[in-house]
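As structure tokens, the structure follows; a few thoughts come after it.
The values are calculated or read from the model by the stated rules, or taken from the named source; none is laboratory data. As the structure is a computational prediction, the values presented were derived from the model and not from experiment. Neighbour counts run over all protein chains shown; Cβ positions are idealised from the backbone, glycine included. Side chains are part of the model used for accessible areas, which takes the heavy atoms of the whole protein and leaves out ligands, DNA and RNA. Shrake-Rupley method; radii C 1.70, N 1.55, O 1.52, S 1.80 Å.
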Amino acid sequence: LEIYEKIYLVPVLKLPNNKILEVAVNNKCGITSAISIMCYPYFNKHLARRGSNELIKKGLFSKSLDRAGWVKSDYKVAIVRDPISRILSCYADRVLIKNRKNVKENVTDWDYFINNLQKIQEEYKDIWHHSYPQVNRLGRDPSIYDKIFNTKNLNNEFPKFIGELYNTKIPSIHTKSSGSIKNKINLTDKHLELIKEFYKEDYKYYGDYFDQ
């Protein structure tokens, strides 16, 4: 599906040494945490997306290289998440909690959601933005990245990596979680088959990184 987004933007940040850091990360893959960690050294505290908004005003952060007018990045990394965990999170957060456009009126339960995912994506832009395949933004060549992180180690390995670029220590970030709701969802073998088929390209190109 390309019904909403023709260009998949990748956040970029100019470091104090003028090196450019590019981080390819999708919605429901720790994007808010990633941005907060990227920007932390400029503020010495976690500000989530508010930090990037402040740095955009200063010309230090942009949603893409093209928008910033920068030629290329010096460091290029990606963050991935197992599609099963990601789509469960999407359903719990965007349907059960956020309920944008009153989506729950038509999406009555998890089973209906996962059996009609493409149709629901077409009808609800918010669902699309939080569930399209990760390859749409990451591309299909993992070798272009200097390093690929998994959301499982996002709060440990990613701050360490960013901290080394700034020569500083970045503390872990505490984020909201829909885990308690996700744990109540009845995930069957049939559901797993549907998810793996829907996100087969994610598994094909980034499957080796999902369990790291």
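Using the Karplus relation 6.51 cos²θ - 1.76 cosθ + 1.60 with θ = phi - 60°, the per-residue 3J(HN,Hα) values for the stretch 86-97 come to 5, 6, 4, 5, 4, 5, 4, 7, 7, 9, 6, 9 Hz, with x marking Gly and Pro.
Among DSSP bridges having both ends in the stretch 13-125, what percentage is antiparallel? Round to the nearest 5.
Counting DSSP beta bridges with both partners in the stretch 13-125, the antiparallel share is about 40 percent.
Across the chain, Cα pairs under 8 Å and at least six residues apart give a relative contact order of 27 percent. Of all beta bridges that DSSP places with both ends in the chain, some 35 percent have antiparallel geometry. Ranked from largest, the principal axis spans of the Cα set of the stretch 68-128 equal 46, 24, 20 Å. Pop out the carbon and sulfur fraction of the accessible area of the stretch 11-164 as a percent, whole number, probe 1.4 Å. With neighbouring chains kept in place, the figure for the stretch 11-164 is 44 percent. Global dimensions of the chain from alpha-carbon coordinates: Rg and Dmax equal 17.5, 51 Å. In sequence order, the stretch 189-205 has phi-based couplings of 4, 5, 4, 4, 4, 5, 5, 5, 6, 4, 10, 4, 6, 4, 5, 4, 9 Hz under the Karplus curve 6.51 cos²θ - 1.76 cosθ + 1.60, θ = phi - 60°, and Gly or Pro positions carry x. Rolling a 1.4 Å probe across the protein heavy atoms gives the chain an accessible surface of 53 Å² per residue. Backbone amide hydrogens, once placed in the peptide plane, bring residue 150 within less than 5 Å of 80, excluding anything fewer than 5 places away on its chain. Each residue of the stretch 100-106 was assigned a 3J(HN,Hα) from its phi angle through the Karplus curve 6.51 cos²θ - 1.76 cosθ + 1.60 (θ = phi - 60°); the sequence is 5, 6, 6, 4, 5, 5, 9 Hz, with glycine and proline shown as x. Remark: for residue pairs 98/182; 58/125; 28/76; 63/204, the C-alpha separation exceeds 24 Å in 58/125; 63/204.
Is there a quick way to get the dipole size of the stretch 1-145? I mean about its Cα centre, with the Cβ of Lys and Arg at +1 and of Asp and Glu at -1; what is the value in debye to the nearest 20?
On the way: 24 positive and 15 negative charges, 131 e Å.
It comes to approximately 640 debye.
Summing Cβ point charges (Lys, Arg +1; Asp, Glu -1) relative to the Cα centre of the stretch 102-212 gives a dipole of roughly 340 debye. Please determine, in degrees from 0 to 90 and to the nearest 10, the orientation of helix 157-166 with respect to the longest principal axis defined by the Cα atoms of the chain, where the helix direction is its Cα long axis. Helix 157-166 sits at roughly 20 degrees to that axis. Between the helical axis of 31-43 and the dominant principal axis of the chain, each derived from Cα atoms, what acute angle in degrees is found, rounded to the nearest 10? The answer is roughly 20 degrees.
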